[in-house]
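What follows is calculated from the coordinates using simple rules that are stated; it is not laboratory data. Here the structure is a predicted model, which means the values were calculated and not measured. Methodologically, a virtual Cβ is constructed for each residue, glycine included, from the backbone with ideal geometry; neighbour enumeration extends over all protein chains shown.
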Amino acid sequence: MDPTAAVGSEKMESVYGMVYNRPNGGVPQESKLATYMGTASSSQVLNKGMASLSLDSLSIKEVLSKEFVPNSASAGNFTYSSIAGNTESPAASTFNPEYSGEPSPAMLGSSSQRLQRHRETPPLDAMGDAQVMSVTSTYQENVGGTTYFYPTSATGSSTPTRLGSDSSPVVMPNFHVYPGTPSHLTKATSTSSPNRVSQPTQQPSLTSTSHTTHLTNSLGSYYLLDEFRLELLHRNALVLAQPNAEGYPDLPVEIDNYHELCPLEPISQTNQKTSQVISYQTSTFKATHTKSGARFCLRRVHGFRLANLKCMSNMDSWKRIQHSNIVQIKEVFTTKAFNDNSIVFVYDYHPGAETLMSKHFSASDQANGFSDPFNGDPGIARPYSHTKNALLRQHASLLPEPLIWSYVIQLTSALRTIHNAGLAYRCLHPSKVILTDGNVPRLRLSFCGIPDVVMFDAAANMSMASVHQQEDLLALGRLVLALACKSMLAPKRENIQTSLELVARSYSSDLRNLIVYLLSNATRRSVSDLMPMIGARFYTQLDSTQQRCDLLENEVSKEIENGRLVRLLTKLGTINERPELNLDPSWSENGDRYMLKLFRDYVFHQVTEDGKPWVDMAHIVSCLNKLDAGTDEQVCLMSRDEQSVLVVTYAELKHCLEQSFDEIVQAASAFS
């Protein structure tokens, strides 16, 4: 038999140690499909390689390791991974099931050679992973009197498996496809979007009339949730926002190493309000760093003159603090760009953030539980329910207790880090605590380090740090009490007793005890002393955070697969309908490119029986995934004039795609 009869796999190893590439992805040269592939014949490559080989230079051990290996530990059936050197008939390539496992003398040589090979060949368990994974059985096909051999695994698929185990092997896929929403996230994702389905929809028949519904449902299975997408798009828009030149004509073009200043809060020259923490007016800007291009938040303190450099002693300690609930400070500098002496504090920028003041303490809630809506005009008639349901009216708009505990855990975590660094926050106020990350209650302490500079007292010694830390805990108690009553009037001295009674009626005794402990000045307290009061609620907060991470990780996994399909579409779009390549105007209309053109029509240009366009997202995604994976599934391609029909596999289409795209890349690099 001609040696070329044993060549059939894509990268089949022969007994001579050579690696041959089968042409056209394994298509016989006599087939009609080979004329469209347009590749070189493998017999020429093989004959050229055979001419330079000699049997005398081969190692017996190397021959045996690639020629013979058991297929199962429990049965006596064996197969050859390659029989390219067999000069017997095709029937000689199979083993007798009743045989003990020794190969034939014609294949292995003399008895002394077999004994030497038996001693030198390691057992299957001692073989490396690369050798074990290369062990495959063969599938043969006779075309035109020539026998072609194709490698297959023990399970009949083209995926290699590890042999020699008693249990059934686990076959790992050689492709990447989004497997769908995990079962533990199905409920969370279904409740987030009403149009979302938990599993990808199956491909409907082309005679269905509800293709629009299938398109809408399948889109939700493969793409980011709408709420996450809108949230991210909103943040990106805020990052790229520019100031209105007419509204802010006096903004400087550049400050130190920052430009593109954009106000984050209204700036009014006629109504200049001082900060609720320091006795200076402040303003906040978004700015772009000149060198890195990153966006930062700039806090400007108006009319402040830096008289003593000792006030900057704590800035290095503040810069080293990195915490998930603290807005990190980057640098501090003075400037006269605003036509006065100002000091600017640079922080990380969190787009879309809002303060606790604007979130929970609106103008209508300032007097919640402390005033009567009928006190304005005593002559107004009061309904009967006004007196009966007085307490219910106070409880109607209060915050849920789990949300308050979540705030307490995050605030204490941030204060613990600050106090352990020997610092004090000194500005725990609802206007200085921001909420980020959309619907998830994520708190961050802003304004860090500003009181240490602006309210610096040169006469004070280092012992004042512990005093300020006690003031932080007192401010924490006032903030929690204001959140529990949802009113900034609650922490007032004259309202504390009434506020605690409202807390006792509305929330658990643990929350009330925490507030009382923080508001008392009898003993010296620390943030660590609050941990027993929080108790097991800490685990609830940790569990919700991890669930959020699981949901985001699942959403990211979808975008990974979408990016892979975009790269695949990029290759198809680069190849299809190209006018010419290398002075060949018919390059995209013959050979591999012609098959890709028909595949493009099969995927994107489907029509119904009455000639209407068929748009099915499930069909498109499924075909692209199979093409990217290079599966052995066959697909029927038809020309536009319905005169030519080609039946090919996705593996052959992938080979055509890669080869055609490589030609374009090589042609592009030749002119660069």
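Results, tabulated for the structure shown:
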{"item": "Loop trypsin sites (Lys or Arg not before Pro), segment 572-672, which have at most 15 other Cβ atoms in a 10 Å radius of their Cβ (DSSP)", "result": "Arg640"}
{"item": "Rounded to the nearest 20 debye, dipole of segment 576-668 from Cβ charges on Lys, Arg, Asp, Glu", "result": "140 debye"}
{"item": "Highest average packing first - 402-413, 225-236, Cβ atoms within 10 Å", "result": "402-413, 225-236"}
{"item": "Prolate/oblate/rounded label for segment 478-572 (Cα gyration tensor, a/c 1.5)", "result": "prolate"}
{"item": "Burial ranking of peptide ranges 237-246, 416-425 (average Cβ count within 10 Å, highest at the top)", "result": "416-425, 237-246"}
{"item": "Pair Ile664, Ala536: separation of 7 Å Cα→Cβ label points (nm)", "result": "6.1 nm"}
{"item": "Projected label distance in nm at Asp340 and Arg229, using a 7 Å step from Cα toward the beta-carbon", "result": "4.7 nm"}
{"item": "Gyration tensor (alpha-carbon) shape descriptor, segment 609-672, a/c threshold 1.5", "result": "prolate"}
{"item": "Low-density loop positions, GluC sites (Glu not before Pro), segment 621-672 - DSSP coil, at most 15 other Cβ in 10 Å", "result": "Glu633, Glu642"}
{"item": "Two-site FRET efficiency, Val170 against Arg548, from Cβ-Cβ distance with R₀ of 30 Å, rounded to 0.05", "result": "0.40"}
{"item": "Rounded if a/c under 1.5, otherwise prolate or oblate - segment 474-633, Cα gyration tensor axes", "result": "prolate"}
{"item": "Cross-link table Lys286/Lys571; Lys558/Lys626; Lys291/Lys571, entries beyond 28 Å C-alpha to C-alpha", "result": "Lys286/Lys571; Lys291/Lys571"}
